[in-house]
Structure formats: C-alpha cells, structure tokens
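The values are calculated or read from the model by the stated rules, or taken from the named source; none is laboratory data. Model, not experiment: these values are computed from the prediction. Here the Cβ is made from the backbone with ideal geometry for all residues, glycine too, and neighbour counts use every protein chain on show. With ligands, DNA and RNA removed, areas are computed over all heavy atoms of the protein, side chains included. Shrake-Rupley method; radii C 1.70, N 1.55, O 1.52, S 1.80 Å.
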Amino acid sequence: MPDMDETTDSYDVVEDLPHSADRERFPAQCGLFVVESGPMAGSRYGLEAGLTTVGRHGDADILLDDVTVSRRHVEVERVGDRYTVRDVGSLNGTWLNGSRVEQGDLRDGDELQIGRFKLVFFHGTAV
C-alpha cells in the first residue's frame, strides 16, 4: 500500500464552481488539475505527491480511462513549489497551451491536453 504522503487525492465533481472556488478547497501551495473537458469534466485532482502519474493504466495516480490516452501518458513532478509535466512515451502526444511538448513547466492557468481530456492547472491559492 502506498504511503499516504505519496498519493494523489481525488475530489468529487462539483458542477458550475468557479475556478477561484477550486483554489480555496486546496492547501495554499498545492497544485491541482481541474478537468475542463472530456469524459470526466469537473473532476479535480490535488498534486501533493512528489511524482504523479497520469494515464489509462489502472495503477495511474490520475486515471483517464479513454483510448486516446496512453497507459502511461505523463508524469507530473513536484519539486518545492514548481511542477513539471513530462510525456513518458505517449502515442498521441501531450499538449501544453496548444503546443506539443515532451516536457514543460506548469504555471497557474495552463491548459494541459491529454487525449480528449483538457486539464487546467492551478497552483493552490495563487491569484
């Protein structure tokens, strides 16, 4: 069983909640993803672990169950208050703010596209 400090928290879907309210629900320095479009629109995921895996594999920290997502699609690494996304060999690629990337730093408000899913990154209570 994984150490509680190394897991990614999943939060309930809350409809029509402004993004500013998302920020209030998480620790001040915690990054989070809000799924803006795709089969799981409205889902929110805290990024508290040092490494968060995203993909279609059942063991992924953030499971995006759709054929447009590779089993092991991306990793999000947290070092201090910085977050970096890294494509780990996906077939359909990873897109950050409309540009295909192998790796990129995440900043508040960035849009990450993984297959059919668009995830917006928020850095805690950053304004």
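What to note about this one:
- Of all residues in region 39-50, those that are more than 17 Å from Lys118 (Cβ to Cβ) and open to solvent by 20 Å² or more (accessible area, probe 1.4 Å) total 2.
- Test result for Glu75, within 13 Å of the chain's Cα centre (by Cα) and open to solvent by 30 Å² or more (accessible area, probe 1.4 Å): yes
- Qualifying residue in region 23-31 (condition: surrounded by 12 or more Cβ atoms within 10 Å (Cβ to Cβ) and modelled with pLDDT of 90 or more): yes
- Those residues of region 97-127 which are under 13 Å from Phe33 (Cα atoms) and not in a loop (DSSP other than H, G, I, E, B), in sequence order: Leu106, Glu111, Leu112, Gln113, Ile114, Phe117, Lys118, Leu119, Val120, Phe121, Phe122, His123
- Of the criteria (1) modelled with pLDDT of 90 or more; (2) surrounded by 20 or more Cβ atoms within 10 Å (Cβ to Cβ), which one His123 fails: (1)
- Yes/no for Thr53 being of a type in the set (Ser, Thr, Tyr), under 19 Å from Gly42 (Cβ atoms) and open to solvent by 30 Å² or more (accessible area, probe 1.4 Å): no
- Residues satisfying the stated conditions in region 78-106, i.e. surrounded by 18 or more Cβ atoms within 10 Å (Cβ to Cβ) and either in contact (Cβ under 8 Å) with a residue 40 or more places away in the chain or of a type outside the set (Val, Ile, Thr) (or both): Arg78, Tyr83, Asp87, Ser90, Leu96, Gly104, Leu106
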